[in-house]
Amino acid sequence: MKDTQSAFLPGIQGLRAIAVLLVLFYHIWPEALPGGFAGVDVFFVLSGYLITGLLLREAKGGRIDLVAFWARRIRRLLPAATVVLLVSLALSWLLLPETKRLEYSGDILWAALYVVNWRFALSSVDYGHRGAAPSPVQHYWSLSIEEQFYIVWPVMAALIARAATPERQKRVFAVVSFSCLIASFFYSIYFTYSGSAAAYFVSGTRIWELAAGALLASFNIRALSGGLAGLLSWTGFALILVSGFVLKTSMPFPGWLALLPVLGTIFMLLSEQASDWSPAYILKWKPLQYIGDISYSVYLWHWPVVLVLPAIVEEQSLLADGRTLVVLSLLAGIVSKHVIEDPFRDGLFTSHLQRWRAALFGAVLVLITVSASLWSMHSQEEKERLTFEEEQRIVVADADYPGAAALDPAAFFIADPTLPVRPDPLLAKRDSPVLYSDGCELKQTSTAVACEYGNPTGRRTIVLLGDSHAAQYLPALQALAEKHDWRIVVYQKSACMVADSVVRIRSTGMVREDCESWKKEALAAIIQQKPDIVVTSAALPHIYNEYYQLAPTSELVLAYRSLWSRLADAGIPLLVIRDNPRPLLDVPSCVAMNRTAPGRCSRLREQVLDRHEDPLVEASKTLESSKVHLLDLSHLFCNGQECPAVIGNVLVYRDGDHLTATFARSLSPYIERKMRSILREDQAD
């Protein structure tokens, strides 16, 4: 039998091919291969296995040359990665929406430093980031984890080489690898099942996969042969394929589910000597071997190809076809492999005396990318600053920017379509309710925090209660508070449906206890305060269902009625605002790309409004209480056929489903009319 490290090199290339094809097909056909992201886990195991084997062989001499090791990594990885980052930066200026330029430049900066997985982990827990367009360097998260491994693991290996005799080195390696595996694996399960989306990206939940490969290399297990190898080979191959077809992004991953691709890869590594009828033999097929050779470059280039081409060509174009994207990704990988990877790896700083030059070369590559990213960020920040100052400087007439009134036949507003849109798409993200900047947006906390606006001693108290789709009406209420000397009290918690029904995390099925505690506290405080009106709204169930599990709509209707009844029984009037349509696209980016024709960003009413049942509406209509009142503003978002992205020269959405503060303020006359009616009725009672 042969040592797995030396004997299975052709098989390893085949596994690399399978891994990169899983990722490629997943990004192009996610519905057909929903678990293709598991290809990354195959790469993690292979990296841990190969790097540890290399370090073990070098450790036999009593020391590990860290500079030489890192010099090889730099020559092998940095040139192609740097080119892709610089091309991605150029694409963000030339072809992608300018609304995303600042964010993408920041992503590229973090990717150049190989810590972008932590940036994505931070943004993934931001509810406001939900539905955002993917970054052109989104795939660098896994490369960042591997580079972090390449920095830390050799240092640990060097310490072992110095401290342990050659006879004990593998044993110490195995103990360290096993310890990392166990600690990281259980942390991965814990953090994944906590429901945090950050679990997918953070290094701690992934280290065990690299450690699994390292442990196999440490044991120096020889490849199995015969029938057992065939069985193990087929089992491993099946586990990897099952991962690709069965796993879904809605499942708790990585956690224990990552065992599927990890064990599959380990089984394949152990079964190189399987018979010709086994998958191990299939992996040595020359086309797969070649794809394995170019897998790094294919991985680097496939995502810019998949992201950019469909965004800049017509939907029916041949260039947007999935098969074309596969071919172009492979061609980009081939060119990158032979023009960038190989020349730098084999012909630059390869001598022993030049290893420090290789390290310096790597630092220069990183510095170039970091400098370019910082320049891009500064330039875009300056552009957005000037745009903001220009908007603030120019005084506009209400008749030129009527907003919602432009769709009201009784308002007689006809906006001049030649005027620029307000807010400018570049500024849409910052055109949000003030509660997002003053610490009143609650995410993970379970304590009900009341934030006050308007006159603290106002003659009436209005409470705004709900999730971010309720919070978006704060600018309208603030306008009314200023006009009528009202006090506004806000109880807001993102992604927390205010109904007598639990919100569960979709990936784990766990109840959001923070939401339940917050609801109880907020409701008790409101009943004690006895405000003049409670205003509420909520995101549609299909918006929640991207990340959470809700009860069926019929049960949600009952859940809303149950909670509202408690307010009504306390004598508190309730104004329920039907949720706004969801355009199914990043509206500011679309309008920025179509400034002269924003109508291209409109969506059919049937698709974004009529097909989605809002339980708020049914609950309001069926609850027999004079205290509960429904306000349906749909006619101010949509005409008979479509729902525009720009209404009355005002940009409607600041992202994919939340209103701009400017448009929300244009709704204030319609909210005021309903509130005055409710107050009159309440006084009559």
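The values are calculated or read from the model by the stated rules, or taken from the named source; none is laboratory data. Fair warning: this is a prediction, and the values are worked out from it, not measured in the lab. Here Cβ is always computed from backbone atoms with ideal geometry, including for glycine, and neighbour counts include all displayed protein chains.
Looking only at segment 646-661, decide whether some residue is over 21 Å from Arg430 (Cβ atoms) and part of a helix (DSSP H, G or I). Looking for residues that are over 21 Å from Arg430 (Cβ atoms) and part of a helix (DSSP H, G or I), one finds none in segment 646-661, hence no.
Let me confirm something: among Leu426, Leu442, which residue is under 30 Å from Ala645 (Cβ atoms) and touching a strand residue (DSSP E or B) at 6+ places or on another chain (Cβ under 9 Å)? Result of the check over Leu426, Leu442: Leu442. Which of the residues that make up segment 35-60 are in a helix (DSSP H, G or I) and of a type in the set (D, E, K, R)? Within segment 35-60, Asp41, Arg57, Glu58 qualify. Taking the criterion of being among the hydrophobic types (A, V, I, L, M, F, W, C), closer than 23 Å to Cys601 by Cα and assigned to a loop (DSSP other than H, G, I, E, B), the residues of segment 401-441 that qualify are Phe413, Ile414, Ala415, Leu419, Val421.
For segment 165-216, filtered to residues that are touching a Lys or Arg at 6+ places or on another chain (Cβ under 9 Å) and over 30 Å from Ala495 (Cα atoms), the residue that is surrounded by the fewest Cβ atoms within 10 Å (Cβ to Cβ) is Pro166. Inspection of segment 632-639 finds no residue satisfying the criterion of being in contact with a Gly (Cβ under 7 Å, 6 or more places away or on another chain), at negative phi and assigned to a helix (DSSP H, G or I). Taken across segment 128-141, residues that are assigned by TED's automatic domain parsing to the domain that holds Ala372 and in contact with a Gly (Cβ under 7 Å, 6 or more places away or on another chain) do occur, with at least one present. Against the conditions (1) in contact with an Asp or Glu (Cβ under 7 Å, 6 or more places away or on another chain); (2) over 19 Å from Pro97 (Cβ atoms); (3) not charged (D, E, K, R), Tyr670 satisfies every one except (1). Among the residues of segment 451-479, those that are polar (S, T, N, Q) and surrounded by 24 or more Cβ atoms within 10 Å (Cβ to Cβ) comprise Ser468, Gln472. State which residue is surrounded by the fewest Cβ atoms within 10 Å (Cβ to Cβ) when the search covers only segment 480-514 and only residues that are in a loop (DSSP other than H, G, I, E, B) and of a type in the set (D, E, K, R). Of everything passing the filter in segment 480-514, Asp485 is surrounded by the fewest Cβ atoms within 10 Å (Cβ to Cβ). Just so you know, in segment 285-320 the residues that are at pLDDT 85 or above and among the charged types (D, E, K, R) include one that is farthest from Glu341 (Cα to Cα), and it is Lys286.
If you filter segment 433-450 down to residues that are polar (S, T, N, Q) and either in contact with a helix residue (DSSP H, G or I) (Cβ under 6 Å, 6 or more places away or on another chain) or at pLDDT below 85 (or both), you find that the one that is surrounded by the most Cβ atoms within 10 Å (Cβ to Cβ) is Ser446.
Mind checking which residues of segment 65-79 are buried (at least 23 other Cβ atoms within 10 Å of the Cβ) and not in a helix (DSSP H, G or I)? Matches in segment 65-79: none. Taken over segment 662-685, the criterion of being in a helix (DSSP H, G or I), of a type in the set (A, V, I, L, M, F, W, C) and within 20 Å of Asp400 (Cα to Cα) is satisfied by Phe663, Ala664. Given the criteria within 28 Å of the chain's Cα centre (by Cα), modelled with pLDDT of 95 or more, assigned to a helix (DSSP H, G or I) and assigned by TED's automatic domain parsing to the domain that holds Leu540, does Ala476 qualify? No; evaluated as a whole, the condition is false for this residue.
Restricting attention to segment 152-168, the residues that are out of contact with any Leu (no Cβ under 8 Å at 6 or more places or on another chain), more than 9 Å from Ile64 (Cα to Cα) and not β-branched (Val, Ile, Thr) total 6. Applying the set (1) surrounded by fewer than 22 Cβ atoms within 10 Å (Cβ to Cβ); (2) of a type outside the set (A, V, I, L, M, F, W, C); (3) within 18 Å of the chain's Cα centre (by Cα) to Arg101 leaves exactly one unmet item: (1). Taking strands (runs of 3 or more DSSP E) as the structural unit, no element lying wholly within segment 515-631 holds at least 1 residues that are under 24 Å from the mean Cα position of the chain (by Cα) and under 15 Å from Ser501 (Cβ atoms). Determine whether Pro581 is closer than 30 Å to Pro552 by Cβ, touching a Ser or Thr at 6+ places or on another chain (Cβ under 9 Å) and in contact (Cβ under 8 Å) with a residue 24 or more places away in the chain. So Pro581 passes the test.
When you scan segment 391-414, do you find a residue that is touching a residue at least 12 places away in the same chain (Cβ under 8 Å), basic (Lys, Arg) and more than 14 Å from Val489 (Cβ to Cβ), even just one? Checking segment 391-414: not a single residue is touching a residue at least 12 places away in the same chain (Cβ under 8 Å), basic (Lys, Arg) and more than 14 Å from Val489 (Cβ to Cβ).
Report yes if Ala32 is in a loop (DSSP other than H, G, I, E, B), modelled with pLDDT of 90 or more and of a type in the set (Gly, Ala, Ser), otherwise no. Considered against the rule, which asks whether it is in a loop (DSSP other than H, G, I, E, B), modelled with pLDDT of 90 or more and of a type in the set (Gly, Ala, Ser), Ala32 comes out as yes.
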